[in-house]
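Report on the following structure.
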Amino acid sequence: IYPEEFYKKGLEVVIVSTRRNIPSALNARIKSLNYLNNILAKLEANLQGVPEGIMLNKDGYVAECTADNIFMVKDGHLITPPAWIGILKGITQDTIMDLAREEGIPVEEKIFTPVALYSSEECFLTGTAAEVMPVTKIDGRVIGDGMPGPITMPWGRTCIFGLLQSFT
């Protein structure tokens, strides 16, 4: 889905103004005919010159990207938003959480703000098409040292693809 160089150097993304659908109005687990906000968010990101946008929920917390789940690393903990804020849980997301736990990396599903994301040590996206995509810049702000980090890199494209294939 992305050029190979993005998997090595990381992706630049923006936080878009289009919000994720609220769970009480439209259940995020229903994939059919449920992508209008995601499409609008993708267009908004593309108009800002980046390939992906981060969507917030109605309360301003980080939810997910237009077609991917999002993780951040903070103080050595792997953190991703919980499903109850209105995200579509992902198979790749669950796989990464399981792998992290096996490696002894603490995993948390909790809400967090864009400010927490800006100050994270690492950030990456997960999805069936994107696999594991490092994020190195959000809204023009460099994440960590500006390169894919030590937690993200072992789950790079080749590794996760092989693991996911073993489940099918």
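The values are calculated or read from the model by the stated rules, or taken from the named source; none is laboratory data. Here the structure is a predicted model, which means the values were calculated and not measured. Counting neighbours? That spans all protein chains shown, and the Cβs are built from the backbone with ideal geometry, glycine included.
Here are the numbers for the structure shown:
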read-out: Subset of segment 11-49 (residues that are closer than 20 Å to Pro81 by Cβ, out of contact with any helix residue (DSSP H, G or I) (no Cβ under 9 Å at 6 or more places or on another chain) and at pLDDT 85 or above); value: Leu11, Asn37, Asn38, Leu40, Ala41, Lys42, Glu44, Ala45
read-out: Looking only at segment 139-166, and only at residues there that are in a loop (DSSP other than H, G, I, E, B) and closer than 15 Å to Met97 by Cα, the one that is modelled with the lowest pLDDT; value: Gly156
read-out: Members of segment 115-144 that are hydroxyl-bearing (Ser, Thr, Tyr) and in contact with a helix residue (DSSP H, G or I) (Cβ under 8 Å, 6 or more places away or on another chain); value: Thr126, Thr128, Thr136
read-out: Top-ranked residue in segment 70-94 [being in a helix (DSSP H, G or I), out of contact with any Lys or Arg (no Cβ under 9 Å at 6 or more places or on another chain) and in contact (Cβ under 8 Å) with a residue 12 or more places away in the chain; ranked as surrounded by the fewest Cβ atoms within 10 Å (Cβ to Cβ)]; value: Trp84
read-out: Candidate set from segment 116-138 (those that are of a type in the set (Asp, Glu) and either over 13 Å from Met72 (Cβ atoms) or surrounded by 20 or more Cβ atoms within 10 Å (Cβ to Cβ) (or both)); member that is modelled with the lowest pLDDT; value: Glu131
